[in-house]
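Shown next, in structure tokens, is the structure this report addresses.
The values are calculated or read from the model by the stated rules, or taken from the named source; none is laboratory data. None of the values given here were measured: they were computed from a predicted structure. Ideal geometry is used to build each Cβ from the backbone, glycine not excepted, and the neighbour counts take in all protein chains shown. Ligands, DNA and RNA are excluded from the accessible area calculation, which covers all protein heavy atoms including side chains. Shrake-Rupley method; radii C 1.70, N 1.55, O 1.52, S 1.80 Å.
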Amino acid sequence: MKGPSLSVGGGKRTLAGRAYSTEGMVKRGFDLRLMGRLLGYLRPYVPWVFLTLVLILVASTTRQAGPYITKIAVDDHIVPGVSDGFGFLIAVYIGLLFVQFVVGYGQGWATNMIGQWAMRDVRLDMFGHLQKLPLQYFDRTPIGRLMAMNTNDVDALNEMFTDGVVSVINDLLTVVAILAYIFYMDVELGVVTCVALPVASVATVWLQTKSFEAYRVARVIFGRFAATLQETISGIEVVQLFGAEKRSADRFEEDNDSYLQARMKSTLYHSMYFPFMELSGILLMGLMLYSGGSKVMNGEIEWGVLVALLQYVPRFFMPIRDIADRFNTIQTALASSERIFELLDTDTEPPSGTHQPEAVRGEIEFRDVWFAYNDDGGEPEWVLRGVSFKVDPGDSLAIVGATGAGKSTIINLVCGFYPIQKGSVLVDGVDIREWDSEELRRRVGVVQQDVFLFAGDIEENISLGAPEVARERVLQAAHDVNADRFIDRLPKGYEQEVNERGSSLSVGQRQLLSFARALAADPDVLVLDEATSNVDTETEVWIQEAVEKLMTERTSIVIAHRLSTIRNADKILVMHHGEIREEGRHEDLLEARGIYHRLHQLQYQE
Amino acid sequence: MPINPLRPFDRYLRPYRRWITFGLIFLFIALSIQMIIPLMLKWAIDAGKSYLDASRDGLPLPPTIMGSPLSDLAMYGMVMAGLGIIQWVANFVMRWYFSGLSRYVEHDIRTDYVKHIVTLPLSFFQQNKVGDMMARATNDVEAIQRFLHHAFRMCLSGILTFFLSLVLMCSIDWSLALLALFPMPVMVVTARAVSGRMRQGYRRVQEQFGVMSSNIQENLSGARVVKAFARRLAEIAKFQGLNDEYVDRNHHLINIRSIFYPFTFFLNGVSMVVVLWLGGWRVLEGALTLGAFVAFNAYLIRMSRPMMMLGRVVDEFQRATASMMRIQAILDLRPQTLELDEDPRRLNGEIEFRDVTFSYNGHAVLEDINLRIPAGSTLAIVGRVGSGKSTLARLIPRLIHADSGDVLIDGQPVNGIPIPEIRGAVGYVPQETFLFSDTLRENVAMGTTDDKVTVERATEISHLAPDLEVLPERLETVVGERGVTLSGGQKQRTALARAVIRQPSILILDDAMSSVDTRTEEAILAELRGVMAERTTILIAHRISTVKDADHIIVMDEGRIVEEGNHETLVALDGIYSEMFRRQHLAEELDEL
């Protein structure tokens, strides 16, 4: 008869050429620095932590008082046959039960709440830090990974705070309390009990090492399995088109087999360990029965001591056993905390300057700006090559050019979303690096091509939840950019719920909404990236009117796709391959018969 | 729990019936020993005490087994040790079988599930969320494993321990046993009451967690807007509110949960007090021996653990059955036929569309398409984004189905041609390249055993070969998320090689060279013309340079074919095509400035 076996699925197999993910690999051992940093999150709650420790101390002492009371009962009342005071002893016991209950409740509550508070702080730190990260970080980090950190990893930390550290202390104190009671009753028997400690500890450390290793391997394989599955589901069309169903299924089976193998390994260790701890318990009990019993027979101790001992022995191994589990929890949490701290240590946007003028005239200047998105030491792929231009306060500038000419990049640079490599960008003659970045972004309103809608109603999406943007401002802004024309038609008007996915708004409506959003913030400079997408004629007219209005009232830079916009601009800048090749007004540029002339034919001729 | 809680898992347990039998045998052995140990204590203590009492009172000494009371004690200790070792072995075997069983069943269910899921029709994948499909393979299967792991070991042995202890306690002193157990019903009732409230609290916490998570997700997706509008502090304030609410809800849950465990300890303690008090009285009165009192206590301790575990196992059972149902629901879906009774026929590659219409979400994507593509010819399709070009092409390998009208290959409606046959004949290079995190070789070969065209040859045709030189391990280089990142053009050429290697009768390039530069594209097309001489090619493209040499060109707009002919006739027509031609010419000129 074949039982469960360690080798699965036809034995050995090779994984040659398969990608082994190192993600999820957990470093062995404890990183004290990491642990210290984690415990730092407990600092605000030090009084609570102390209270918890005191409660744990009281709880473990009272919880282990039961057998000792039994000893007193046996020796003072039951064996000698003295009923006087027995009732009182029972009353004490009941009293202790109440204490135990209250203390146990307090301890459980405090432990869990401390965990919750600490996690709240970790989450807030992470969230706050994420807000300060440069956009490049989001360009290269998948949101899924960030989400996993915010959910799974924080959860693992919570487990550690509530179930890991505190429970280990609790377990250790329980062991100490039991030993203390035994030593108090009889020193020799206490020493005998201590014999069990190294045995149990060695077994526990052995399990801990072995099974954690197996667990780690299993998690890596499982991670790979999940990644492959996710990938296959995402690419199912290709899989089915090319008849690779069987190949994929075989892959899964391989991973599944090796996962089973890894799991069976830890099953083996656990199957040996836990019964071994039970064996240790029975052996110690046998030993106690003999040595304690002999002492009773020799009149060295009374019966009650033996009775109490026999009650203590089974209680003795449980905490030791549990510690093994807690260490796994703690190690998993440490791995998570490593990822979290890595995020928290990621460089934020360069420190912002302090320039915060009373009023802004709205003058924008680019001075020989060179910029490449790849800023990681490699050969820079220049998107802008020595771009210089100046927009006077109140003027409007239209930037035109073919796709990939570098137009949208200009928008990213005006607000300092990306650091430039050479040259400088100045607002009111002050380098944007000297500006307080939040102030700068408040003064410079940006309308991006793709409009991001937050879950919430229309009003919230215009005001973006800013308390200084009053309802009237929202209404006024919506009115000024013609957005009210469609909002008024919505069943719930400004209270209509929208969200990023499955939004009922059309592309044109979303554009109008983004105009309103920018206007409501009342910027001194407006930077607008006109969307290229086709919208219906009615909305198109509204958009054209709105853009015209936006451009005339303040300094504005528009990445223009509409002829009407270009014509309204005070100046046109023609970008080509990252350089400014022509500039001037519409008619002059047309006459020059250069790039603009061709662009005009290509893009703007109906 | 129903009479047989294992029923839902029956199918998967059946292969391991003998393991279960074995596990059960060893479970009984371990359990019996566990039940004997307190009796050993009782005998040892009673023997010792009566000896001691007799010698104190000067009565005749009771007989000893080993000659002296001390050697008797030693013997009891040794027997216990011996029993302990037997129990160790039995427990080990029992755990090994039962835990192993849960892992094997987990493995079997998961394998069945993933093997099944890849054979489901594409519509299934469109209707279900990836996260949900993943959850079934991970969380759901794990829930089943957890339950099975505990079902035998904890549940069965727990129930047996409970009843055996009860019986043995009653045999010592039945009235004391019943009195000692009176807190138990209280525990069961409170456990039920509390678990209901806890579940509700837990649900509220989960809800808020969802709200908080989607807030983070949204904030990260909208990072640009948040920065542009300097909303950092406001966003933090908003998150802080949600975060605090989450902690508040946890607080409620913790208030309830923190009571639960101390309360069970308390009730347990009450049992102990009852035994100490009433049991103590009986010993005091001489109605009970001291050894019996000790044994009684030992049984009581053994009973309390399963009681505390019971609630958890019931919870796990509910989760596991729900999970099994979720998995079973997928397993019950009918897969596509993937096996052929005979070798696939070779299709010639003549394609015909007859009055084909297709709509998506009530919006017409294709209308009245009539088109014949002779075998071996090249058809090019041009048109604006959303004009229906890809939809037209996707009808051929049955990735989607026409609402009305017929798509025919070699005169036979595609719906009548088995999927493996049709997909074996069609090489489709989709718009968006999908590469697996695997070696380039595997990505190209994708399990084809057909060696007519080698991977090397395929990469030559698709002009991927020169790029291989710079990759660390050439064809064995791992690409994708966990490997080397390829450029868009390299990806597209890999996908092309993937299609070419299969020597398809019909090759469909759905805007498949948009990231390949014009010169390379021309070279690839020239190469393809040689390879595809006898085969049908459908080219969907935006560049006129790509399509101008095609035998036939159709121009699509809003789901209809609006112009057709060859390059010269279409340019002469002065319609959409000639406008495209003019603009591209301009753009090229512009690019050279």
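Residue by residue through region B:316-324, what is 3J(HN,Hα) from phi via Karplus (6.51 cos²θ - 1.76 cosθ + 1.60, θ = phi - 60°)? Round to whole Hz and write x for glycine and proline.
Once θ is set to phi - 60°, the couplings for region B:316-324 become 5, 5, 4, 4, 5, 5, 4, 5, 4 Hz.
Using a Förster radius of 60 Å, what is the FRET efficiency between B:I36 and B:T138 based on their Cβ-Cβ separation? Nearest 0.05, please. Write down the numbers at each step before the final one.
Values: r = 43 Å, r/R0 = 0.72.
The value I calculate is 0.90.
Report the relative contact order of chain A, percent, no decimals, based on alpha-carbon pairs under 8 angstrom and at least 6 residues apart.
Values: 780 pairs, mean separation 87.8, N = 606.
Rounded, it is 14 percent for chain A.
Normalising by the residue count of region B:351-592, find the relative contact order in percent from Cα pairs under 8 Å and 6+ residues apart.
On the way: 438 pairs, mean separation 63.0, N = 242.
The value is 26 percent.
In nm, to one decimal, how far is the A:I143 label point from the B:D248 one, both placed 7 Å along Cα→Cβ?
Going by the 7 Å Cα→Cβ label model, 2.7 nm.
Return the long-range amide H neighbours of A:V558 (sequence gap of 5 or more, or a different chain), with a cut-off of under 5 Å between placed amide H atoms.
A:L397, A:A398, A:I399, A:L528
So if I take the centroid of the Cα atoms in region B:371-398 and the same for region B:405-424, what is the distance between those two points in Å?
When both Cα centres are located, 15 Å separates them.
Taking the Cα centre of each part, how many Å lie between region A:561-590 and region B:529-593?
Value for the Cα centre distance between the two parts: 31 Å.
Taking the Cβ of B:F358 as the center, what net charge do the other residues with Cβ under 10 Å away carry, scoring Lys and Arg +1 and Asp and Glu -1?
Working: positive: B:R394; negative: B:E367, B:D403.
With Lys, Arg at +1 and Asp, Glu at -1, the net is -1.
In debye to the nearest 20, how big a dipole does chain A give about its Cα centre with +1 on each Lys and Arg Cβ and -1 on each Asp and Glu Cβ?
Once rounded to the nearest 20, the dipole reads 2360 debye.
Calculate, for B:E285 and B:R7, the FRET efficiency according to 1/(1 + (r/R0)^6) with r their C-beta to C-beta distance and R0 41 Å; round to the nearest 0.05. All intermediate terms of the calculation are to be shown ahead of the outcome.
Values: r = 51 Å, r/R0 = 1.25.
Using R0 = 41 Å, I get an efficiency of 0.20.
What lysines does A:K71 reach when the alpha-carbon gap must be under 18 Å and sequence neighbours fewer than 8 apart in one chain are set aside?
A:K295, B:K42, B:K49
In whole Hz, with x marking every Gly and Pro, tabulate ³J(HN,Hα) for region B:130-139 from phi via Karplus 6.51 cos²θ - 1.76 cosθ + 1.60, θ = phi - 60°.
Those phi angles translate into 4, x, 5, 5, 5, 4, 5, 6, 10, 4 Hz.
Just the number, please: percent antiparallel of the DSSP beta bridges in chain A, rounded to the nearest 5.
Antiparallel bridges make up about 50 percent of those DSSP assigns within chain A.
What is the distance, in nm, between label points placed 7 Å from the Cα along the Cα-to-Cβ direction at B:E589 and at A:L563?
Result for the modelled spin labels: 1.8 nm.
If amide H atoms are built 1.01 Å from N in the plane of the peptide, which residues on other chains or at least 5 residues away come under 5 Å of the amide H of B:L486?
Here B:G480 satisfy the definition.
Averaged over its residues, how many other protein chain Cβ atoms are within 10 Å of peptide A:298-306's Cβ atoms?
Mean partner-chain Cβ count within 10 Å for A:298-306: 2.
Which pairs, out of A:K571/B:K227; A:K549/B:K238; A:K132/B:K491; A:K407/A:K549; A:K210/B:K129, put more than 31 Å between their alpha-carbon atoms?
Check vs 31 Å cut-off fails for A:K549/B:K238; A:K132/B:K491; A:K210/B:K129.
Report for the protein assembly as shown the percent antiparallel among DSSP-assigned beta bridges with both residues inside it, nearest 5.
Working: 40 of 78 bridges.
Of all bridge pairs located within the protein assembly as shown, approximately 50 percent are antiparallel.
Out of B:L371, B:I36, B:W96, whose Cα points farthest toward the positive end of the dipole of chain B (charges: +1 Lys, Arg; -1 Asp, Glu; placed on Cβ)?
B:I36
Got a sec? Charge dipole of region B:351-592, +1 on Cβ for Lys and Arg, -1 for Asp and Glu; which of B:P413, B:V429, B:A526 is way out at the positive end?
Farthest towards the positive pole: B:P413.
So what's the back-of-envelope 222 nm ellipticity for the protein assembly as shown, counting only DSSP H runs of four-plus at -39500 (n - 2.57) apiece and dividing by all residues, rounded to 500?
-20000 deg cm²/dmol
Hey, how many Å between the Cα centroid of region A:126-154 and the Cα centroid of region A:477-499?
With region A:126-154 and region A:477-499 each reduced to a Cα centre, they are spaced 32 Å.
Residue by residue through B:462-468, how many Cβ atoms from other chains fall within 10 Å of the Cβ on average?
0
How compact and how long is chain B, expressed as Rg and Dmax of its alpha-carbon atoms in Å?
Here Rg and the maximum Cα pair distance are 37.8, 132 Å.
Report for region B:351-592 the percent antiparallel among DSSP-assigned beta bridges with both residues inside it, nearest 5.
Here the antiparallel bridges make up roughly 50 percent for region B:351-592.
Note down the nm distance, to one decimal, between modelled labels 7 Å out along Cα→Cβ at B:M198 and at B:I256.
The two pseudo-label positions are separated by 1.0 nm.
Probe radius 1.4 Å, ligands and nucleic acids left out: can you give me the accessible area buried at the A-B interface, summed over both chains, in Å² to the nearest hundred?
Approximately 13600 Å² gets buried when A meets B.
Can you tell which of B:I561, B:G58, B:A223 lies farthest toward the positive end of the dipole of chain B, using +1 and -1 charges on the Cβ of basic and acidic side chains (Lys, Arg; Asp, Glu)?
Farthest towards the positive end: B:G58.
Compute the orientation-averaged projected area for chain A from the convex hull of its Cα atoms and round it to one decimal in nm².
41.5
Could you work out the relative contact order of region A:360-464, using alpha carbon pairs under 8 angstrom and six or more residues apart, expressed as a whole percent?
The value is 30 percent.
At a 1.4 Å probe, what is the % contribution of carbon and sulfur to the accessible area of chain B?
With neighbouring chains kept in place, the figure for chain B is 56 percent.
May I ask you to compute the full-extension gain from B:S68 to B:R312, defined as 0.36 nm times their residue separation minus their alpha-carbon distance, rounded to one decimal in nm?
Working: separation 244, 0.36 × 244 = 87.84 nm, distance 4.86 nm.
Full extension from B:S68 to B:R312 adds 83.0 nm.
Across all directions of projection, what mean area in square nanometres is found for the Cα convex hull of region B:351-592?
Details: hull surface 55.2 nm².
Spelled out: convex hull of the Cα atoms, projected over all directions, averaged, 13.8 nm².
Could you run the Karplus curve 6.51 cos²θ - 1.76 cosθ + 1.60 with θ = phi - 60° over region B:350-361 and give me ³J(HN,Hα) per residue in whole Hz, x for Gly and Pro?
Running phi through 6.51 cos²θ - 1.76 cosθ + 1.60 with θ = phi - 60° gives 8, 10, 9, 10, 10, 6, 7, 10, 8, 10, 10, 6 Hz.
Rounded to the nearest 0.05, what FRET efficiency do B:D549 and B:Q127 give with R0 = 41 Å and r taken as the Cβ-Cβ distance? Could you check?
Computed FRET efficiency for B:D549 and B:Q127: 0.50.
For q values of 0.07 Å⁻¹, compute log₁₀ I(q)/I(0) with the Debye formula on a Cα-only model of the protein assembly as shown, without solvent.
-0.86
Using a 10 Å cut-off around each Cβ of peptide A:451-464, what is the average number of partner chain Cβ atoms that fall inside?
Working: counts 1, 8, 3, 10, 5, 1, 0, 0, 0, 0, 1, 0, 1, 9.
Partner Cβ neighbours, averaged per residue: 3.
Carbon and sulfur atoms: what percent of the 1.4 Å accessible area of region A:364-604 do they account for?
Numbers: 4340 of 9880 Å².
After summing per-atom areas, the C and S share lands at 44 percent.
Is there a quick way to get the dipole size of region A:187-300? I mean about its Cα centre, with the Cβ of Lys and Arg at +1 and of Asp and Glu at -1; what is the value in debye to the nearest 20?
160
Of all GluC sites (Glu not before Pro) in region B:385-475, which ones are in loop regions per DSSP and have a Cβ with at most 14 other Cβ atoms within 10 Å?
In loop regions of region B:385-475 (DSSP not H, G, I, E or B), the sparsely surrounded GluC sites (Glu not before Pro) are B:E432, B:E469, B:E473.
Roll a 1.4 Å probe over the protein chains and send me the accessible area per residue for the protein assembly as shown in Å².
Value returned for the protein assembly as shown: 43 Å² of accessible area per residue.
Ranking request for peptides A:257-266, A:412-421: highest mean number of other beta-carbon atoms within 10 Å first, then the rest in descending order.
A:257-266, A:412-421
How about region A:398-504: which GluC sites (Glu not before Pro) there are in a DSSP loop, with at most 15 other Cβ atoms within 10 Å of their Cβ? Intermediate results must be reported in sequence, preceding the final value.
Values: sites: A:E434, A:E438, A:E439, A:E459, A:E460, A:E468, A:E472, A:E495, A:E497, A:E500; in loops: A:E434, A:E468, A:E500.
Answer in residue order: A:E434, A:E468, A:E500.
What order do you get for B:96-108, A:572-584, B:179-191 when each peptide is scored by the mean count of other beta carbon atoms within 10 Å, highest first?
B:96-108, A:572-584, B:179-191
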